[in-house]
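The structure appears right after this line, and notes come after that.
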């Protein structure tokens, strides 16, 4: 099909015109596809490679039975499908991820999917268009998928970012498709092809500052609330640790002794002689963005102790100098002069807005932390992008690299920064792609995984541990929200995890409702033995509430939540169904009835549990209302509610038939 037809389609359905350079590259790919099946196209971020991917599909659609468009993440699958593929190709396109195979089963001509869903749902792919193909090469699992699908055509697209990594292509792919044809288009070549092509002021990249095992254990101790002390001090130290590294953290800790309880976690990290995660990440950045190519390099951090650690960490990579707030104006000016003369390669600074550090020659700015102040961020950014306006072509492009600590709140601080970068004309597309699933939600998911796939919330948040299971205490409590609660809520809202209430713990609470109800109308020996002041008080509450107890406070219910990954729902349902059968067997011969009614409330479900139980000619029938916040799976909620009711009945019958007059609260 002629490209002109596609251009008309794109104009009609997307409301945009194809640029001359995009048309040129599309034609080059078509020419190569007539003789090669394996092509890798390298283009700058933000240059509109998606339109070229559409042109490849348009060229192949009548030559193959299926075209699989691989995106590295489900977020990109959704974005690309809704914004581009469905609009241009209509009903011919499907989208699948997270193991769903419906579009594959329906035989859609083009399917936008993730690699692992494609591997599950498809035996053979005739043509594959791979977005962000740099993810594929060197990843054994990804390569295995490509080899097993045996495509006739494999066309990969990647961003043009400075990198010395060579693609490690699986030899089986080369045997299947031949050596790849590389079509490389840098900024210079694009401006030659199309003078209207506009260069971004800078390109933003992001590097993960990964914790080592020791650092990870320290941060997790903060995350779980295992380190005790003044609340604000703990929060400050946690932020200092993941934002600036252990040198700044230990310096602050020593100043704040007395406000934090002694901890072996803190002692171990402050005794360590290793470089901090931030210093290790800085070395990784400068192994890719080499000093000799990008000098002079600017590095910003907000802490002096971190700045001097960086100086030690990278002293072998070039001539390095540090300036801080302690440096005099004369010292700053001298440093900048030496830097412009080429006598300094790397400047590490804690100074942002002050006079004396404007260096328009700088090509690379590394921010090892993201300032929460928008002004401070803007000032840092200005040191890079307000450079030599007379420079043209690729040499005028500047690079901004941000290092962030994954599975911490540092990734959350990026949102405002992204907006500022975009408004300043910085290309942030690569940065957006790499930030998905990197914040505190990833930490919650990791803890669930490390705990065998299910975890009580008090194993994530130490403040949620209960010393007893008293219904009265629960009804009277008004627990404050901890720092982890927000992360857990986001994990649930993002669909990464689900939960149910621990049926044994909740069953003990519900059995106290049954006993309170019994103590309102019971008599005889059993009444005398069981009905202490606590159960009588519960009975009084039931009378006031017309037999209905509400367990609806989110803060009170949190300690009973058992989190599990959404992908494990079927396994969890099977496990809970087996418990249901076991409980029903235990209750055989007992005189009881349970009904569960559900209704939607806000972003969750409300379960109304009606329990009827008879003992010694006395029948109790209280109602227990339980809220399931941020949970919409009715089958899960109903099954969990039944288990809570059954567990409460088992406890109730045990107590009414033995000499023990107290619910075991351990």
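Listing for the model above:
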{"quantity": "Fewest-first sequence of 447, 52, 174 by Cβ atoms within 10 Å of each Cβ", "calculated": "174, 447, 52"}
{"quantity": "Protection-proxy order for peptides 62-74, 323-335, each taking the mean of Cβ atoms within 10 Å per residue, highest first", "calculated": "62-74, 323-335"}
{"quantity": "Sorted by Cβ density within 10 Å, fewest first, the residues 249, 104", "calculated": "104, 249"}
{"quantity": "Exposure proxy ranking, count of Cβ atoms within 10 Å, fewest first, for 346, 370, 618", "calculated": "618, 370, 346"}
{"quantity": "Cut-off 15 Å (backbone N to label point 7 Å along Cα→Cβ of residue 30), residues of the range 54-73", "calculated": "54-63"}
{"quantity": "Spin-label model distance (nm) - residue 230 vs residue 654, 7 Å beyond Cα toward Cβ", "calculated": "4.6"}
{"quantity": "Those residues of the range 253-271 whose amide nitrogen sits under 19 Å from the label point placed on residue 213, 7 Å along Cα→Cβ", "calculated": "264-271"}
{"quantity": "The range 504-571 versus the range 107-136: alpha-carbon centroid distance in Å", "calculated": "51"}
{"quantity": "Cβ crowding within 10 Å averaged over residues, with 223-232, 530-539, 294-303 ranked highest first", "calculated": "294-303, 530-539, 223-232"}
{"quantity": "DSSP-defined antiparallel bridges as percent of all bridges, the range 444-656, nearest 5", "calculated": "85"}
{"quantity": "Cα→Cβ-extended label distance, 7 Å offset, between residue 598 and residue 529, nm", "calculated": "3.9"}
{"quantity": "Pairwise label distance in nanometres, residue 319 with residue 337, each label 7 Å out on the Cα-Cβ vector", "calculated": "1.4"}
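Read-outs: derived from the displayed coordinates by stated rules, not from any lab. All figures in this text were calculated on a predicted structure; none of them were measured in a lab. No Cβ is skipped: glycine too gets one built from the backbone with ideal geometry, and neighbour counts run over all protein chains shown.
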